[in-house]
Every structure is written in structure tokens, then in C-alpha cells.
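Structure record follows, encoded as C-alpha cells.
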Amino acid sequence: MNREELIKGIKDLKSRHNAIIVAHNYQVDDVQEIADVVGDSFALSKHCASSDADVIVFCGVHFMAESAKILSPQKTVLLPELDAGCPMADMVTSEALIEKKKLYPEAAVVCYINSSADVKAECDICCTSSNAVNIVRSLQEKDVLFVPDQNLGNYVANQVPEKNIILWEGFCITHHRVKVEEVKKAKELHPDALVLIHPECQPEVVKMADFVGSTKQIIDFATDLNHNKFIIGTEMGIMHKLKKNNPNKTFYLLSQGLVCPNMKKTSLLSVYNALNEMKNKIEVAEEVRIKSITALDKMLQVG
Ligand code: 13P
Ligand code: SF4
């Protein structure tokens, strides 16, 4: 099938199955274009929870589709590429977290949504990069065990100095490799551009930003601001929406290393195949789901 046939086939299958396609901002352009909703982790979780579709095709990585299934157990959730995972999410296991919690019995446990259902089941509240600061601020406890992203945890610690944040040693391999020298070089090349950075980057890189936020917050900031040039410090897939929303503005990717191979696995063909064969269904054991939904629900309440 050629591209046009695939697009038509996906549309037909969507209406036959009462399905929606949601895509993360890091997906390849074609997949973003076929999606009903493109957004950050928080917007997509909220959308899946409130949608009345029977089937959700989640174009993203495993923990995202799993979160959709936790929030909507009655829906069929398909992940077009089953091996699209998140290396950072794999840097914490429920067993290791249970051991760590014993060292900090007084601490609230906050997990970044980039974690498995088993890990969420051991946490008090979940967060995404768009609400992590507010979530931590909303807690009663002074001590907060934050898993698994040390960089996002560090950013939150700087924004909420009244809390004692205990960091886990996880990181995003894509964002963690961005170097201070790359930011300096980009600023030299484009001195009138503003630097927009994702908080999964290392603290010394984040410090150099004019704005720090989730992928949606970066897109909204660049779109709403009366400024024309931006250096973008997050995964390259975001460039599609930035350019589409702002044809008269210029965007420079901060580093050529800003590619998440897992986010790039999903294609029109894999979306078509998943819908056509109703395959790659995400399942979460009911016992784990019941335990993990609390952390996600609490996050959605705080907002
Ligand atoms: P956001 O879209 O929530 O900013 O998340 C970034 C990310 O790395 C998802 O894996
Ligand atoms: Fe995971 Fe990083 Fe890829 Fe996001 S960009 S899915 S955090 S590896």
C-alpha cells in the first residue's frame, strides 16, 4: 500500500472500530498528521480518560499506552509498535522502589508518568513534566522521593526549595546527552533566539534556558510569544507542530542528538496493521491497575 492508501485505510478502520488515534509530540510527522489529538503526556492522559471511543491507538511509548489503559480499562488500547519503550521508565523497578521507600518512611513518593504500572502502584501521586512543580508543591510532606528522572527532580527541587527532594538516578538518554557547549554554540549562532528547554535535560543545561516546560508548554510558549526565533531543546519530533503552527517563525534544534529512537518506531503502516488486526493490545493486571490508578487520579485532580 502506498501512503495515500494507508491514510485512507486508517480512516476507514477508525470509523469501523469507533477508534481514536492519539500521538505524542515526538512522533514522526505522518503519524502526527493522521492523529485526532497530538500532545504532551498530560494532555494525552486527560484526553484518553475522557474520550468515549471504544479503541485508543496510542502512538507513543509503552508507559503512555499503559497509563491510558489504567485510566480506561473498558477501552481497547493498542500500541502500534509493542517494543516502543522508554529507557528511563526501565531505570526504576517496583522491587527497587519498595527497598528505597524503607529508607524514607516519612517521604511522599512521586513518580514521573514515565514509569511502569508496577512502579505507579507503589507511588502516592504521579506527575508529568507539565505539572511536576505543582504536584510537589501540593504535598503535605516535606520529604519527597522522586522517581525516576533525576533531572526533572532537580528542576522541581530548584522551583520548590521548601521541599527535601530525594532523587532517583534515572534519566532520559536523549535529553541527558545535551551539553552546555551545545547551548553556548547555538546561542552564538543565533544570538536573538530564545532558548526553550525540556526539564529532562541536565540542570546546567536547564539553567541556560529562557523557558523550561513540557512539549506542549514549549509549543504554546513559542506560539503565543511575540518573538520570531527559538532554539529548541527537546526531541526533534516537536519541530513539526512548532513549524506548522508558526510558519513565519524560525526554529533551530539545539542538538542533532535530540532523537528518541523509540518514539520514531511508529509509522503509518504500524498504525494500519494494529487497527486492521486489532493487535498489540495493552493489558494491565486488575490488581496492579487498582493500585496504580490512585496515583494517576490524584495527579488529574491536582491538574
Ligand atoms: P512531555 O510531552 O510530557 O513533555 O514528555 C516528554 C517525554 O519525554 C515523554 O516521554
Ligand atoms: Fe523516554 Fe526520553 Fe524517549 Fe521520552 S524522549 S520516551 S523520556 S527516552
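The values are calculated or read from the model by the stated rules, or taken from the named source; none is laboratory data. Remember, it's a predicted structure, so these values are computed and weren't measured experimentally. As a convention, Cβ positions derive from the backbone with ideal geometry for all residues, glycine included, and neighbour counts pool all protein chains shown. These area figures cover heavy atoms from the full protein model, side chains too; ligands, DNA and RNA do not enter into them. Shrake-Rupley method; radii C 1.70, N 1.55, O 1.52, S 1.80 Å.
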Mean separation of Cα contacts under 8 Å (at least 6 apart) over the residue count of the chain, i.e. the relative contact order in percent, is 23
Contact order relative to length of segment 227-283, as percent, for alpha carbon pairs under 8 angstrom and 6 or more apart:
33
Kirkwood hydrodynamic radius (C-alpha pairs) into Stokes-Einstein, the chain, 25 °C and 0.890 mPa s, D in µm²/s
125
Under 10 Å, Cα contacts only: if you run a Gaussian network model on the chain, which one of Val31, Val180, Val147 comes out with the highest mean-square fluctuation?
Val180
Give me the log10 of I(q) over I(0) for segment 7-75 at q = 0.16, 0.17, 0.25 Å⁻¹, as the Debye formula computes it from C-alpha points; what are the numbers?
-0.48, -0.54, -1.14
Ignoring ligands, DNA and RNA, how do Cys127, Cys86 rank by accessible area with a 1.4 Å probe, largest first?
Cys86, Cys127
Hey, in the chain, which Cys have no second cysteine's beta-carbon closer than 4.7 Å?
Cys48, Cys59, Cys86, Cys126, Cys127, Cys172, Cys201, Cys260
The answer for the net charge of residues other than Ser72 whose Cβ lies under 11 angstrom from its Cβ, with Lys and Arg +1 and Asp and Glu -1, is +1
Under the Karplus relation with 6.51, -1.76 and 1.60 and θ = phi - 60°, whole-Hz ³J(HN,Hα) for segment 136-149, x at Gly and Pro, equal 5, 4, 6, 7, 6, 5, 7, 8, 10, 8, 10, 10, x, 8
If one builds a Gaussian network model of the chain from Cα atoms under 10 Å apart, the most fluctuating residue listed among Val109, Val37, Val160 is Val160
Just in segment 61-121: which GluC sites (Glu not before Pro) are loop by DSSP and have at most 14 other Cβ atoms within 10 Å?
Glu106
Percent RCO, i.e. relative contact order, over segment 208-303, from Cα pairs under 8 Å lying at least 6 residues apart:
19
Assign unit charges at the C-beta atoms only (+1 for Lys and Arg, -1 for Asp and Glu), then state the dipole size of the chain relative to its Cα centre in Debye, rounded to the nearest 20.
520
